[in-house]
1. Among L63, L97, L113, whose mean-square fluctuation peaks in a Gaussian network model of the chain (Cα, cutoff 10 Å)?
2. Report relative contact order for the chain in percent, whole number only (criteria: Cα-Cα under 8 Å, sequence separation at least 6).
3. Among residues other than V31 whose Cβ falls under 13 Å from its Cβ, what is the net charge (Lys/Arg +1, Asp/Glu -1)?
4. Filter the chymotrypsin sites (Phe, Trp or Tyr not before Pro) in segment 33-107 to those in DSSP coil with at most 10 other Cβ atoms within 10 Å of their Cβ, and list the result.
5. Stretch I56-W158 to full length: gain in nm at 0.36 nm per residue minus the Cα-Cα span?
6. Take each complete run of DSSP H in the chain, measure how far its Cα atoms stretch along the helix's own axis, and keep only those covering 15 Å or more with mean Kyte-Doolittle hydropathy at least -0.5; list them.
7. Could you work out the longest stretch of the chain that avoids the trypsin sites (Lys or Arg not before Pro) located in DSSP loops with at most 15 other Cβ atoms within 10 Å?
8. Among P49, P57, P22, which one shows the highest mean-square fluctuation when the chain is modelled as a Gaussian network with alpha-carbon springs under 10 Å?
Amino acid sequence: MNWRNTTDWKDKLFGALVYFFPLYTALNFGVFLFQQFPILTLIEIPLIPLAIINQIPFGGFILFIVLFSAVVRNSRISHFIRFNTMQSILMEILLILISLIFNILLGALSGSLIIETIYNTIFIGTLVACIYGMLQSASGKYPEFPLITEAASGQVPW
């Protein structure tokens, strides 16, 4: 997308930080990789504040509501931050839906190689997408993800 590039360092920083939100949710899918490669647990260190928030009852839901209502719908915040926040929220929703589907439909297959492979793929895909989003945001560019970018641009007015 060719949007104006009028971002300052604060916009770039906050635009990148919101991608920790879906990354924290994706940690549940990384359980098999964490068992095989314990060094990967270092990914959890920058996510500690989100872990603390999720210790509060409904903390994740409250964070979701705050990000959506106070950031995405606040026209006083720059479009860059609102757009990146909306993309991270959409990624979060997608991960929650995938998690629900696995918990309901695939509970009987737990422990199988197929489930491990799917979980690893989801975790690595989310990790790569979040790192890409962070790097693009840190450089002041709007990250583009298939389908998610179109949905986010429809939700975030200029």
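Values in this text are rule-based calculations from the coordinates and carry no lab data. Source: prediction; values computed, not measured. A quick note on method: Cβ atoms are made from the backbone with ideal geometry, for glycine too, and the neighbour counts reach across all protein chains shown.
1. L113
2. Normalised by residue count, the contact order of the chain is 44 percent.
3. Overall, the nearby charge balance is -2.
4. Answer in residue order: F58.
5. 33.3 nm
6. 79-105, 113-138
7. My reading of the result: 77-158 is the longest stretch.
8. P57
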